[in-house]
Amino acid sequence: MYRLAQEQPSDWWEVEALYDLCFAPGREMLSSYRLRDGVDPVPELCLLARGDAGAVAAAIRYWPVRVGDAAALLLGPVATHPIHQGEGLAALLIGESLAIARRAGWDRVMLVGDAPYYGRFGFARLDGPDMPPPTNPDRVLGLSLTGGDAWAGVGGPVSRWTAAGH
């Protein structure tokens, strides 16, 4: 049994340890991490799944970014502890956090990831956003959170965004 909760400041290092365990050394050198430097994550979208013993079994974070002049969410990282992989925890966190983002009024979300995995949540390749190098453009995916195509006409450099609101 798992309990979902919003990540709290006191959870930061436990979540970082999970990300260190799940991702290759040097993960913080990726272009997506440069977009997070000096920017606080969107707290209501940063979720945890804790197991019965209370340890973090999976975690997801989101960050505000700009794509040209448009606001967007940058999903990631999302990770599941190796002993819990295959249990659907990442999918649960993605689905729940996207629902919260919709209710909060966000229009669009993007990520750098595998299209076959994220496609089941509605993500598709984006051509407009220019992620900082080195990023494989085939892995830049987006999802509209509103009824229409919130990505239509949105493009340009992806940059850090620290302004309040969205």
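A cut-off under 11 angstrom between Cβ atoms defines the neighbours of G142, and their net charge, with Lys, Arg +1 and Asp, Glu -1, is -1.
Projecting the Cα atoms of A55, G68, A5 onto the charge dipole of region 1-96, computed from C-beta unit charges around the Cα centre, puts G68 farthest toward the positive end. Within the accessible area of the chain, the carbon and sulfur atoms contribute 55%, probe 1.4 Å, all protein chains present.
In plain terms, the C-alpha convex hull of region 15-166 casts an average shadow of 8.9 nm² when viewed from every direction. The C-alpha radius of gyration of region 1-101, expressed as a fraction of 2.2 N^0.38 Å, stands at 1.06. Take every Cα pair under 8 Å whose residues are at least 6 apart in sequence, average their separation, divide by the length of the chain, and the relative contact order is 24 percent. Average accessible surface for region 14-75: 40 Å² per residue, computed with a 1.4 Å probe over protein heavy atoms with every protein chain in place.
Using only Cα atoms, locate the centre of region 97-156 and the centre of region 1-15, then give the distance between them in Å, rounded to an integer. Region 97-156 and region 1-15 have Cα centres separated by 25 Å. When +1 charges are put on Lys and Arg Cβ atoms and -1 charges on Asp and Glu Cβ atoms, the dipole computed for the chain relative to its Cα centre reaches about 240 debye.
Express in nm, to one decimal, how much length is gained between A124 and I83 on full extension, taking 0.36 nm for each residue of separation and deducting their alpha carbon distance.
Length gained, A124 through I83: 11.8 nm.
With unit charges on the beta carbons (Lys and Arg positive, Asp and Glu negative) and the dipole taken about the Cα centre of the chain, which residue among S159, L145, P25 sits farthest to the positive side? So the residue we want is L145.
For the set F123, F23, solvent exposure ranked by accessible area (probe 1.4 Å, protein chains only) runs largest to smallest as F23, F123. In this structure E14 has an accessible area near 80 Å², from a 1.4 Å probe over the protein heavy atoms.
For region 116-161, the solvent-accessible area of protein heavy atoms averages 54 Å² per residue (probe radius 1.4 Å; ligands and nucleic acids excluded).
Rounded to the nearest 10 degrees, the angle from helix 89-103 to the longest Cα principal axis of the chain is 50 degrees. Legend: residues S32, S159, sorted from most to least accessible area (1.4 Å probe; ligands, DNA and RNA excluded), read S159, S32.
The values are calculated or read from the model by the stated rules, or taken from the named source; none is laboratory data. Bear in mind the structure is a predicted one, so any value in this text is a computation, not a measurement. Every residue, glycine among them, receives a Cβ derived from its backbone with ideal geometry; neighbour counts consider all protein chains shown. Keep in mind that these areas ignore ligands, DNA and RNA; they rest on the heavy atoms of the full protein, side chains included. Shrake-Rupley method; radii C 1.70, N 1.55, O 1.52, S 1.80 Å.
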